Amino acid sequence: MNTPDLLIVGAGPAGLATAAAAARLGLRVQVLERRTEPRRHSRALVVHARTLEQLDAIDVAEPLIAAGEPARSLTMEHGDRTLLRVDFQHIDSRFPYALLVSQEVTESLLWRRSSELGVELRTGVTVAGLAEEGVRLADGSVCAAPQVVAADGIGSVLRRAAGIGFPGTSDPQHFVVADVRLDEPPTGLTVRLEEAGMIVLGALPDRLTRVIADVPADREPDRARLQQLLDERTPTRPRITEVAWVSTFTAQHRLAASFGDGPLNLIGDAAHVHSPVGGQGMNLGIRDGIELAQALVDGPEAVALWRTRRRAAARRVVRGTGVLFGLATNRRSWVRRALPGALRVAGCSSLVQRRAAALASGVS
């Protein structure tokens with residue numbers, strides 16, 4: 001490829017969605033990725049309705065839906081009671097559900113679609129910083145392009161090179177995330193709030209269940225620990241028959257001071273990070289990228305407007321998930337006792353239920 005119109009650093013979902021959307025609009029696109037192997041065992045679980053609408057425009061929604069499990073609702077439970085049911089079936093979308101599918105599958109389909117559209121995908125390439133003509137690689141060479149997208153994650157080299165701040169906080173709370181097989185697998189998507197802690201259960205294809213729970217940092221998340229979490233935080237106490245993979249993570253809440261500077265634009269985790277509450281992270285990044293592709297075609301004024309609008313959208317998500325995260329993981333006993341009652345009252349309101357569904361799905 002000659003000098004591309006657009007250079008994207010990072011081949012995660014946000015970067016690949018940008019690449020496919022830009023190529024479909026006629027831009028010559030090159031993607032640089034440090035990894036040489038596909039990402040395995042990543043945390044993202046949900047693709048929401050608004051994201052599916054945008055992925056449909058680049059012909060990725062249909063194969064993604066075929067590979068996932070649609071959740072028509074999200075339920076929040078405590079003991080044997082349903083506190084709040086978020087019903088997606090009445091949202092204003094052609095995709096009235098939350099699609100449960102692993103990030104690995106999403107990335108694979110976006111990679112394939114980008115290749116079909118003529119995107120040049122280069123792996124094993126380490127970017128060291130910005131250059132006047134584009135980006136500088138670790139070997140000292142320069143990749144030139146008039147427009148550069150930083151999709152290189154929370155530790156973004158390009159964001160730091162541009163001097164763009166990334167203020168926020170790191171939460172000390174640890175989480176375990178695992179894909180397991182259970183003797184009685186759940187259906188749909190459930191968040192349980194118990195005095196012992198929070199646990200999320202999501203039904204994936206191939207009879208896998210995604211488990212996410214807040215845990216102390218002083219114990220390894222082995223099979224015995226996962227079983228203990230299910231015993232303590234679910235009334236049915238399903239038995240684990242297989243652990244496909246397990247890991248831990250901590251949450252951060254950060255928002256870039258700007259989403260761009262000159263020819264550089266930030267998307268995805270390079271621009272914003274937050275807790276996993278609501279499954280918004282990957283969705284926000286994909287929508288960043290697809291909307292940026294159109295703005296780049298439309299010109300500088302559209303890019304400036306994109307930066308303002310997407311940062312405002314990310315700020316709302318970072319703030320909102322931060323509040324929900326703080327409540328769901330609060331260790332104070334009185335909060336853990338009071339929260340279920342408050343959610344049960346809120347769940348009695350059809351207005352609250354409709355608003356929650358619209359916000360979560362991104363169609364509000």
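Read-outs: derived from the displayed coordinates by stated rules, not from any lab. Treat the numbers as computed from the prediction; the structure is a model and nothing was measured. Backbone-built Cβ (ideal geometry, glycine too); neighbour counts: all protein chains shown.
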| task | Pop the C-beta distance of L351 and R94 into the FRET formula with R0 = 25 Å and round what comes out to the nearest 0.05. | result | 0.60
| field | Spin-label pair L137/T36, simplified geometry with 7 Å Cα→Cβ offset, distance in nm | value | 1.4
| message | Could you work out [θ]222 nm for the chain from helices alone, using -39500 (n - 2.57) per DSSP H run of at least four and dividing by all its residues? Round to the nearest 500 deg cm²/dmol. | response | -11500 deg cm²/dmol
| said: 5 Å is the cut-off here: which amide hydrogens, built 1.01 Å from N in the peptide plane, fall below it relative to A131, excluding neighbours closer than 5 in sequence? | reply: R136
| message | What number does the chain give for Rg over Rh if you use C-alpha atoms and the Kirkwood radius? | response | 0.97
| task | Find out how many positive minus negative residues lie around Q227, taking Lys and Arg as positive, Asp and Glu as negative, among other residues whose Cβ is under 10 Å from that of Q227. | result | +1
| query | For the stretch 302-310, what does the Karplus curve 6.51 cos²θ - 1.76 cosθ + 1.60, with θ = phi - 60°, yield as ³J(HN,Hα) per residue in whole Hz, taken in order and with x for Gly and Pro? | reply | 5, 5, 4, 5, 4, 4, 5, 5, 5
| remark: Descending packing, highest mean Cβ count within 10 Å first, for 21-32, 135-146 is 21-32, 135-146
| task | May I ask for the Kirkwood hydrodynamic radius of the stretch 169-252, worked out over all distinct Cα pairs and given in angstroms to one decimal? | result | 12.9
| query | Taking the mean number of other Cβ atoms within 10 Å as a proxy for protection, how do you rank 85-91, 95-101 from highest to lowest? | reply | 95-101, 85-91
| Residue order, fewest to most beta carbons within 10 Å, for D59, D206, D269 | D206, D59, D269
